[in-house]
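The values are calculated or read from the model by the stated rules, or taken from the named source; none is laboratory data. Every value quoted in this text rests on a predicted model; they were computed, and no experiment measured them. Every residue, glycine among them, receives a Cβ derived from its backbone with ideal geometry; neighbour counts consider all protein chains shown.
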Amino acid sequence: MSPTTPAQHASPWPVVELSEIDSTQAEAHRRAASGERGPVWINAAVQTQGRGRSGRSWASFSGNLAATLLFEPGCSAALLPQLSLVAGIATFDAVAPHLARSPAMQPLSLKWPNDLLIGDAKLAGILIESRLQGRDIIAMAGIGINIAMAPEIEGRTLACLADHAATPPSPGAVLAKISWHMQTWLQVWAKGAGFPLIRDAWTARALPEGTEMMVNAGDGPVHGAFAGLDIDGALLLLEPTGHRRRFSWGDVTLPGPSV
């Protein structure tokens, strides 16, 4: 692990800059275990063992964003999954202004529960984790964005912001915007009390209802069409039979190469 240096960014919360780290999530866990409560960002120029949901690796190169927000959410453990939607909105709002405006521009959208897409290609991923320290619940919101380049992974469609932005931003500039938007949307969320507003905001930025998708929640794939979110943020899927199914967890992929 490289030495850490506190850095001043245009961010409402402190940012700790690392030149190289195994994983910003792992570092956030270590800091929480040693007593840190945040809010503080852990930002790394390079991750050597980055990871996403379900233990998947998340490749992170210089010029991309790999950061984790360590903070106390102030809610019960049952409400922690809602933070995926909060972080998704903040990431969307930070990235959207950088996209070039043209008739051929692919739409930016959120895919449940934690992906940001350009067209049908994954641009960013979000990983929400938590740990109990004494009586305190500590949350880690990890955000990875392909800014300068996208890794080549067989069977997966990935995008990078540099291919879609008029002027590609720096990782630090994107992180500062995410930080401000996270602060705003966490205030709206209000420890879960404002979740209906979060649900509406997320839905407004999401893939269109009717988008074909497949959900695998561990008992085999289920095909259907995106039918919005349930009152608590669970995914609603309309099967070809007309039956509407609810998923509180699962891997969601779109037709074609895995996204």
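Numbers at a glance
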{"read-out": "Output for segment 158-194, where each listed residue is of a type in the set (A, V, I, L, M, F, W, C), over 17 Å from the mean Cα position of the chain (by Cα) and within 20 Å of residue 84 (Cα to Cα)", "value": "188, 190, 193"}
{"read-out": "Filter pass, residue 117 being in contact with a strand residue (DSSP E or B) (Cβ under 9 Å, 6 or more places away or on another chain), in the same structural domain as residue 46 (by TED's automatic domain parsing) and buried (at least 16 other Cβ atoms within 10 Å of the Cβ)", "value": "yes"}
{"read-out": "Qualifying positions in segment 180-197 - touching a Leu at 6+ places or on another chain (Cβ under 7 Å) and under 21 Å from residue 123 (Cβ atoms)", "value": "182"}
{"read-out": "Any chance residue 150 is in a strand (DSSP E or B) and either without any contact (Cβ under 8 Å) to a residue 40 or more places away in the chain or more than 19 Å from the chain's Cα centre (by Cα) (or both)", "value": "no"}
{"read-out": "Some residue of segment 104-111 being more than 10 Å from the chain's Cα centre (by Cα), at pLDDT 95 or above and either under 17 Å from residue 39 (Cβ atoms) or of a type in the set (A, V, I, L, M) (or both)", "value": "yes"}
{"read-out": "Single unsatisfied condition, residue 58 versus (1) hydrophobic (A, V, I, L, M, F, W, C); (2) modelled with pLDDT of 95 or more; (3) touching a Lys or Arg at 6+ places or on another chain (Cβ under 9 Å)", "value": "(2)"}
{"read-out": "Verdict on residue 123 being part of a strand (DSSP E or B) and either in contact with a Phe, Trp or Tyr (Cβ under 7 Å, 6 or more places away or on another chain) or modelled with pLDDT under 95 (or both)", "value": "no"}
{"read-out": "Any chance residue 243 is free of Cβ contacts under 8 Å to residues at least 12 places away in the same chain, of a type outside the set (Gly, Ala, Ser) and either buried (at least 17 other Cβ atoms within 10 Å of the Cβ) or farther than 26 Å from residue 46 by Cβ (or both)", "value": "yes"}
{"read-out": "Residue match in segment 150-173 (condition: surrounded by fewer than 21 Cβ atoms within 10 Å (Cβ to Cβ), of a type in the set (Ser, Thr, Tyr) and modelled with pLDDT of 90 or more)", "value": "yes"}
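Residues are listed down the side, and each one gets a yes or a no for (1) farther than 17 Å from residue 109 by Cβ; (2) outside the structural domain of residue 19 (by TED's automatic domain parsing):
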{"site": "163", "(1), (2)": "no, no"}
{"site": "175", "(1), (2)": "yes, no"}
{"site": "180", "(1), (2)": "yes, no"}
{"site": "197", "(1), (2)": "yes, no"}
{"site": "243", "(1), (2)": "yes, yes"}
